[in-house]
Structure formats: C-alpha cells, structure tokens
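One structure is given below, encoded as structure tokens.
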Amino acid sequence: MTSLYESLILKLANVVELATQDQGAFTPQAKQALVRSTKDFKESVREAHQYATTLPGGELSVEEQDEVIDMLEKLKERKRRQLAEFAEKVSTISSSQQDTSLKMEVDSTASTPA
C-alpha cells in the first residue's frame with residue numbers, strides 16, 4: 001500500500017506538468033492526456049483515502065492514538081515485570097527441588113509394578 005502513497009506525488013506532478021505545458025491553446029490530445037492523468041490521480045487519492053479510513057484505529061485522533069500507545073507500552077512493561085517475577089520463582093522452585101531430589105533415595109523395586 002505504500003506504493004500507492006508514493007505514486008501520488010508522481011501522478012500529481014504529471015497532472016501539473018500537463019496542465020502547465022506551454023502549448024498556447026490546448027490541443028485535443030493534450031486535453032485528453034490531462035483528463036486521463038487527472039482521473040488517474042483522483043482515483044489514486046480515493047483509494048488512498050479509503051485505505052486510510054479503514055485502518056484499525058484510523059478513526060482516532062492523534063492524541064487518542066498517543067494515549068493508546070502509552071497504555072500499550074505500560075501494559076508491555078507490566079507483562080515483562082510479571083514474566084521476570086515468574087521466571088525468578090520458577091528458578092527458585094526448580095533449584096530447591098533439585099536439592100531435595102538429590103537427598104532422596106529411590107527404591108526402584110518399590111515403584112515398579114508387579
């Protein structure tokens with residue numbers, strides 16, 4: 001879709017160039033080229049507008065988008081802290097389990113079904 005937006009400037013430049021050509025009175029071919037170029041530019045602007053208005057969050061103002069971004073950044077940071085706390089607890093639990101498992105004796109005959 002970025003190619004659509006990038007092409008808008010080129011299409012506008014083409015319209016301006018055709019409209020400002022020094023040909024005295026416009027020839028029918030020049031008028032036809034200007035009309036085609038203008039229609040092409042207008043259609044591209046319509047497509048770009050439609051694409052922009054259908055983007056998720058496209059209806060939000062810049063301030064509202066900034067608020068959503070701030071909220072999401074805070075949420076991300078809170079999730080990272082929770083993940084770090086969880087990893088620390090798991091590490092603590094697994095290291096304490098390793099200590100107790102080393103101290104236990106395993107009776108293989110008692111755990112084997114008859």
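What to note about this one:
- Fewest-first sequence of L12, L75 by Cβ atoms within 10 Å of each Cβ: L75, L12
- Simple label model, 7 Å out from Cα along Cβ direction - E73 to D22, nm: 5.3
- Net charge contributed by nearby residues that have their C-beta within less than 15 Å of E17 (K/R +1, D/E -1): +1
Quick note: the coordinates plus some simple rules give every number you see, no bench work behind them. All values derive from a computational prediction rather than experimental measurement. Neighbour counts are summed over all protein chains in view; Cβ atoms, including those assigned to glycine, are modelled from backbone coordinates with ideal geometry.
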